[in-house]
Amino acid sequence: MGQIIVLRHGQTEWSRSGQHTGTTDLPLLPEGEDQARSLRAAMTGREFAEVRVSPLQRARRTAELAGLPATDVDRDLRELDYGGYEGRTTAEISDELGREWSIWRDGTVDADVPGESLADVGVRVDRVLDRARERLDDGDVALVAHGHVLRVLTARWLGLAPEAGALFALPAGRYGVLGHEHGRPVLTGWALG
């Protein structure tokens with residue numbers, strides 16, 4: 001049985017500065033392109049039954065540079081919609097609220113421009129996982145996307161609530177491996193690259 005390889009796109013201007021990047025379609029920085037190329041060696045030798053990528057250019061370009069030709073562009077792999085918090089850092093949001101803010105605890109509550117709930121992201125990634133499971137008998141499945149959506153996806157793979165994605169930090173240009181042990185979903189590698 002194959003494994004699910006989750007790859008976070010390489011560095012962008014906003015991922016470097018800590019700005020939340022959901023729907024803004026930023027390109028990779030040169031260092032992000034180098035990170036993506038460096039993933040190629042780790043992907044070599046794997047038999048991929050499917051490569052699903054987010055529609056955003058930073059993920060598509062990462063897949064290309066990592067040597068993973070996309071078999072499907074999957075809208076369910078797009079990053080969390082941060083609403084009014086798009087382009088802002090955790091520190092800026094915390095200062096405005098007068099308390100420490102966390103996407104995992106507080107969500108994207110912004111009265112003017114509401115974002116997407118973690119529960120909604122959980123529903124999306126459950127669909128992605130259902131599609132990936134169908135292909136695991138044929139080999140590995142690569143999912144190339146973004147930090148928060150892949151963290152929620154990992155939590156859901158392990159049977160945890162979307163908020164448990166807080167436990168799975170995944171830096172830009174890194175990957176993780178979701179597999180099985182004794183028939184149970186497990187995390188077999190994390191933040192590799």
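The values are calculated or read from the model by the stated rules, or taken from the named source; none is laboratory data. The shown structure was predicted, so the numbers you read here are calculated from the model rather than taken from an experiment. All Cβ positions, even for glycine, are placed from backbone atoms using ideal geometry, and neighbour counts span all protein chains on display. Remember, those area values only see protein heavy atoms, side chains included, never the ligands or the DNA or RNA. Shrake-Rupley method; radii C 1.70, N 1.55, O 1.52, S 1.80 Å.
At 10 °C and 1.306 mPa s, what whole-number value in µm²/s does Stokes-Einstein give for the translational diffusion of region 101-193, with Rh from the Kirkwood sum over Cα pairs? Walk me through the intermediate numbers first.
Values: Rh = 14.1 Å.
Translational D for this selection: 113 µm²/s.
Helix hunt in the chain: which complete DSSP H runs extend at least 30 Å axially by C-alpha with mean Kyte-Doolittle at least 1.6? Numbers along the way, then the final one.
Working: long enough: none.
Helix filter hits for the chain: none.
Of the DSSP beta bridges with both residues in the chain, give the percent that are antiparallel, rounding to the nearest 5. Present the calculation step by step, with values, prior to reporting the outcome.
Details: 11 of 23 bridges.
Close to 50 percent.
Could you identify which residue out of 114, 162, 27 has the top mean-square fluctuation in a GNM of the chain using Cα springs shorter than 10 Å?
Highest fluctuation of the listed residues: 114.
Take 148, 182 and sort them by solvent-accessible surface of the protein heavy atoms, 1.4 Å probe, largest at the top.
Working: 148 30, 182 160 Å².
Final ranking, largest accessible area leading: 182, 148.
What do you get when you divide the Cα radius of gyration of the chain by 2.2 N^0.38 Å, with N the number of residues? Working shown, then result.
Working: Rg = 16.0 Å, N = 193, 2.2 N^0.38 = 16.3 Å.
Computed over Cα atoms of the chain, the ratio equals 0.98.
How much length is gained if the chain between residue 117 and residue 73 is pulled fully straight, taking 0.36 nm per residue apart and subtracting their Cα-Cα distance, in nm to one decimal?
This chain segment gains 13.6 nm when fully extended.
Full-extension gain between residue 187 and residue 158, please, as 0.36 nm times their residue separation minus the C-alpha to C-alpha distance. List each step's numbers first, then the result.
On the way: separation 29, 0.36 × 29 = 10.44 nm, distance 0.77 nm.
Between residue 187 and residue 158, full extension yields an extra 9.7 nm.
What whole-number value in Å² describes the accessible area per residue of region 52-193 for a 1.4 Å probe? Please report the intermediate quantities before stating the final value.
Working: 6270 Å² over 142 residues.
Heavy-atom accessible area per residue stands at 44 Å².
Quick check for you: which residues of region 23-66 have the amide N under 12 Å from the point 7 Å beyond the Cα of residue 138 toward its beta carbon?
Residues passing the 12 Å test: 48-52.
Can you work out the FRET efficiency for the pair residue 16 and residue 40, with r the C-beta to C-beta distance and R0 = 22 Å, to the nearest 0.05? Mind showing how you got there, number by number?
Numbers: r = 22 Å, r/R0 = 0.99.
About 0.50, to the nearest 0.05.
Just the number, please: carbon plus sulfur as a percent of the accessible area of region 49-123, 1.4 Å probe, no ligands or DNA/RNA counted. Provide the component values of the computation, followed by the final result.
Working: 1690 of 3470 Å².
Carbon and sulfur atoms account for 49 percent of the accessible area of region 49-123.
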